[in-house]
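Worksheet: the structure to be examined is printed underneath.
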Amino acid sequence: MAAGVALAVFPGGTLNHFALDAGTATFEDTAHAVRRVRPVRVDLARVRDGEGADVTGFVNTFSIGLYPELVRRREKLEGRIGKWPAAAVSLLGVLRDATPLRVRLDGHDRLLWLLFAGNGRYLPEGLAPSHRPLLDEGLLDVRTVDAEAPLARTRLIVSALAGALRRSRVDRAERVEELRLGGLDDEGGLAYDGEHAAAPETLLLDKLRAS
């Protein structure tokens, strides 16, 4: 954007989530888009610390807690047993010895197994989001798994075994323009777009619309 030049997205990564959502599933798709010279703008999600300094940005996803490990295990299995069975099996594995994390979400103390934030609304609902219909709607797709509800771990495991992860009562989803996180200094860092970084005590997630 700063250089006034469009970004050509080539699908050369492991899973190519952004390229697929941008409509460039193959090199031929990218070449066709470049020849047409009709770029579109997409949102960039921004992560800043409590002082307002940039920590990082992400085009796909951000997470704290168990989600990075859940995704790693799920993607290893889903080619053999399918996405939803892989999500259920992976969830059982990561919950077996997990310790929930205590954070503040927009000023409210929460005890969570995990928090996921997508750069835009992801489909389907639940713990195996895979694609976005839009890349410029200006919202963060925030999903949490509550650890405070009575028998939260048991209820989540039963939902996983029943193939009902999308309907679990401890799995919450909301779409917001920004999200403030606090109390992260002892929570093992953060993950974004396949990368990891240390987490400052306070974070603000928001969107740079069509940037």
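Residue 193 to residue 151: extension gain in nm, 0.36 nm per residue of separation minus the Cα-Cα distance?
11.9 nm
How much length is gained on full extension from residue 34 to residue 89, taking 0.36 nm per residue of separation minus their Cα-Cα distance?
Values: separation 55, 0.36 × 55 = 19.80 nm, distance 4.12 nm.
That pair, residue 34 and residue 89, stretches by 15.7 nm at full extension.
When a/c is below 1.5 the answer is rounded, else prolate if a/b is larger than b/c, else oblate, so apply that to the range 34-100 with a ≥ b ≥ c taken from the square roots of the Cα gyration tensor eigenvalues.
Details: a/c = 4.90, a/b = 1.36, b/c = 3.61.
It is oblate, given that a/c is not under 1.5 and a/b is not larger than b/c.
Please give the helix 27-36 orientation as an angle from the longest Cα principal axis of the chain, in degrees from 0 to 90, rounded to the nearest 10.
Tilt of helix 27-36: around 50 degrees.
What is the extension gain from residue 54 to residue 26, computed as 0.36 nm multiplied by their sequence separation minus the C-alpha to C-alpha distance, in nm to one decimal?
6.8 nm
Just so you know, all these numbers are worked out from the coordinates, no wet-lab data involved. None of the values given here were measured: they were computed from a predicted structure.
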